[in-house]
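The values are calculated or read from the model by the stated rules, or taken from the named source; none is laboratory data. Not measured: the values here are computed from a predicted model. Heads up, the Cβs are rebuilt from the backbone with ideal geometry, glycines too, and the neighbour counts pull from every protein chain shown. Each accessible area value is taken on the protein alone, full model and side chains, heavy atoms only, with ligands, DNA and RNA left out. Shrake-Rupley method; radii C 1.70, N 1.55, O 1.52, S 1.80 Å.
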Protein chains: 2
Amino acid sequence: MIMEARARQCAARLLEDRGTPPDAACLQADVLIEAELRGLPSHGLLRLPRLLARIDKGLAVPAAVGLHHWRTTAVLEVDGQRALGPIAMMAALEAMMPRLQVAGIALAAIRNANHIGMLAYYAEQAAARGVIGIVLSTSEALVHPYGGTQAMLGTNPIAIGIPTADEPFVLDLATSLVSMGKIHSHALRGEPLSDGWAVDSSGRPTTDALAAKHGAIAPFGQAKGYGLGLAFELLVAALAGSDLAPAIRGTLDASEPANKGDLLILIDPGTRDGLAAGLTEYLNAIRASRPLHPDRPVAVPGDGARHRRIAALRDGIDIPAALLDELQRVGGDCKWT
Amino acid sequence: MIMEARARQCAARLLEDRGTPPDAACLQADVLIEAELRGLPSHGLLRLPRLLARIDKGLAVPAAVGLHHWRTTAVLEVDGQRALGPIAMMAALEAMMPRLQVAGIALAAIRNANHIGMLAYYAEQAAARGVIGIVLSTSEALVHPYGGTQAMLGTNPIAIGIPTADEPFVLDLATSLVSMGKIHSHALRGEPLSDGWAVDSSGRPTTDALAAKHGAIAPFGQAKGYGLGLAFELLVAALAGSDLAPAIRGTLDASEPANKGDLLILIDPGTRDGLAAGLTEYLNAIRASRPLHPDRPVAVPGDGARHRRIAALRDGIDIPAALLDELQRVGGDCKWT
């Protein structure tokens, strides 16, 4: 177990050592640590060594924030200039806030920035400012179409954050049935996959995690989940001018520029009387509704992440020994434990 | 079989006979007939007798178009004034188009309008104007949360239309696993439901369609589909000021005002070189990718609807005898067959 404050400090230090401005290092570290705290290690410190390698090679430019061009009064086009993903995203978000007061809705379309990490981060940032946030991102081709067997789509996640009178509603999901991280983790542990998760490189359904790594993951929710993943793929590429999945590189390697895209839509929900309270009351009615299993109450998206975060802040983050060794090895004199 | 032109004419005549202005009658009939042509009878002429009854009772006001209030430069609030759903939607869409040139993105939030029918209609209308359209709508509580057994959410559909160099990409799906229409149709035919589709009124999983009618339908895609359905529920209510599912009435009855909400987001995709051609090329690569079953090529959302429409325009629409009788009975001297 490592404590959150120490992990944050060490991660930021490693980034600063490679020329990342202190504020930017803090933000990039925050996005990684917040993923760890929520029990999402696939978007946590695991990504840091690769990110540092990308900085060393000039594939990520730690002082860049992205070049802003307002194509219209409410649509911001961003050339990320190889910025760290979180830096480009938050710079766009801050630039959108004043426009939001006039327009009520604004969209940022970002290309040429690095991996933005856990999408929920930005949905929460929006909700913390009292506005609705919708985040979309694309990735390398990892997912096969419904009825298909070749990796043609990214995992194309979406996050939606909505302010309420209590904790905000925060949804964050990939349109793949499982993450490629989960396939890799099953492969590492030699565990079989569940039926229907993946196909191998020749397109045959497989429960062999090693074979699946070279094949494709199923979309979630059959035809509907495939349809949504594909719609998000097209939306991002159409608006950000980024590449489509089969041509995307640079979020899973340390050798190619990142050519995926990211969208951020912010909407001012206005100040209707009782709006926030009504949403909270409804979410609480859902939580209190009759569960399928008497001992497992109905949850609202974000509940689990919040509980895991509280526990991890108290007890520490569980980092695998191999990752810890790697983090110590990549340099710096910060003691992680 | 009835031919499309005749059906269109008769439906419009019935609406005009009840005081609907000719253009509005044409549009409302078009939305119903286009659903029939695409093989979506649950959103077709089946809805017409109830709609006429709603007009007779003043629950639908056929000459209303909705009261427009631009809350900000790009957010249009619409009090539907009990208008027919398609009339309120298309009036909002037309009002948004000039704003789109300046803002690049615009949102309409509509409350107090009647059922808008098949959402794909508006996504297609947007795409036909060269812009991206995203449509959301809410409904009576019919869907249980993932891990729950009570109907707490609407079927909360989404449609996304994206212009390409060829036919537009059009996705239209409900966030329920199946439609309540499908449950009713199984009940009528005495067929059992598939496992996992529904629970009965006491929350027990059931394959009895009659029992399911008084219970709840499962969300699609387990926790993820539930999360999306819930996010759409909150988005619509927060922005339109409409009710949340448990309090919603008026799309399945002929006795209550419609208090659900509808959202329409339009986005100008700009004029990036090769954008539309790139999207078409990608969709064709997906269609040409290796299928799971050699005799069933991979489809793109909207392909099936387009094929069914072509066939129905040629061969006619298959209307059940009971519905045809009902349509003849509601009045007018138009011969449907």
Residues with amide H under 5 Å of B:Gly148's amide H, sequence separation 5 or more or different chain, H placed in the peptide plane at 1.01 Å from N; which? A:Leu292
Kindly give the distances from A:Gly304 to its copy-mates, label point to label point, with each label point 7 Å from Cα along Cα→Cβ, as nm values to one decimal ordered shortest first. 2.9
What accessible area per residue comes out for segment B:1-101, rounded to a whole number of Å², with a 1.4 Å probe? 38
When a/c reaches 1.5 or more, the comparison of a/b and b/c decides; with that in mind, is the protein assembly as shown rounded, prolate or oblate per its Cα gyration tensor? prolate
Chain A to chain B by rotation: the residue of A with the beta carbon nearest the axis and the rounded distance in Å are A:Gly221, 1
Can you list the DSSP H helices in chain B whose Cα atoms extend at least 24 Å along the helix axis and whose mean Kyte-Doolittle hydropathy is -1.0 or higher? B:85-103, B:222-240
Quick one, what does Rg over Rh come out to for segment A:32-158 if you take C-alpha atoms and the Kirkwood Rh? 0.99
For B:Thr337 and B:Glu94, extending 7 Å from Cα along the Cα-Cβ vector and measuring point to point gives, in nm, a value of 3.7
Please say if segment A:40-82 is rounded, prolate or oblate, where rounded means a/c under 1.5 for a ≥ b ≥ c the square roots of the C-alpha gyration tensor eigenvalues, and otherwise the choice is prolate for a/b larger than b/c and oblate otherwise? oblate
Output, in nm with one decimal and in ascending order, the distances from the B:Ala285 label point to the matching label points of the other copies (7 Å from Cα along Cα-to-Cβ). 4.7
Förster radius 35 Å - calculated FRET efficiency between A:His307 and A:Val330 (Cβ-Cβ, nearest 0.05): 0.65
Rg and Dmax of segment B:108-159, Cα atoms, in Å? 13.7, 42
Label-to-label distance, nm, for residues given as B:Asp166 and B:Val102 (7 Å Cα→Cβ offset): 3.9
Projected label distance in nm at B:Asp56 and B:Arg13, using a 7 Å step from Cα toward the beta-carbon: 1.9
Test item: B:295-301 mean partner chain Cβ contacts at 10 Å: 5
Kindly flag which residue pairs out of A:Lys260/B:Lys260; A:Lys224/B:Lys182; A:Lys224/B:Lys260; B:Lys57/B:Lys182 have an alpha-carbon separation exceeding 25 Å in this structure. A:Lys260/B:Lys260; B:Lys57/B:Lys182
State to the nearest 20 debye the size of the charge dipole of the protein assembly as shown about its Cα centre, where the only charges are +1 on K and R beta carbons and -1 on D and E beta carbons. 220
In this structure, the FRET efficiency calculated for A:Asp315 and B:Arg189 from their beta-carbon separation, with R0 = 45 Å, to the nearest 0.05, is 0.20
For segment B:202-302, I need the span (max minus min coordinate) of the C-alpha atoms along each principal axis, in Å, sorted largest to smallest. 50, 38, 27
Expressed as a whole number, the average count of other chain Cβ atoms within 10 Å around the Cβ atoms of A:283-292 is 6
Once R0 is set to 45 Å, what does the formula 1/(1 + (r/R0)^6) return for the Cβ-Cβ distance between B:Gln81 and A:Arg296, expressed as a FRET efficiency to the nearest 0.05? 0.50
Round to a whole number: what % of the accessible area of segment B:137-279 belongs to carbon and sulfur, probe 1.4 Å? 51
Would you please classify the overall shape of chain A from the alpha carbon gyration tensor, given that a ≥ b ≥ c denote the square roots of the eigenvalues, rounded means a/c under 1.5, and beyond that prolate means a/b larger than b/c while oblate covers the rest? rounded
Within segment B:220-235, what residues put their amide N at less than 12 Å from the label point 7 Å along the Cα-to-Cβ vector of B:Arg71? B:235
Per residue of A:66-75, other chain Cβ atoms within 10 Å number on average 4
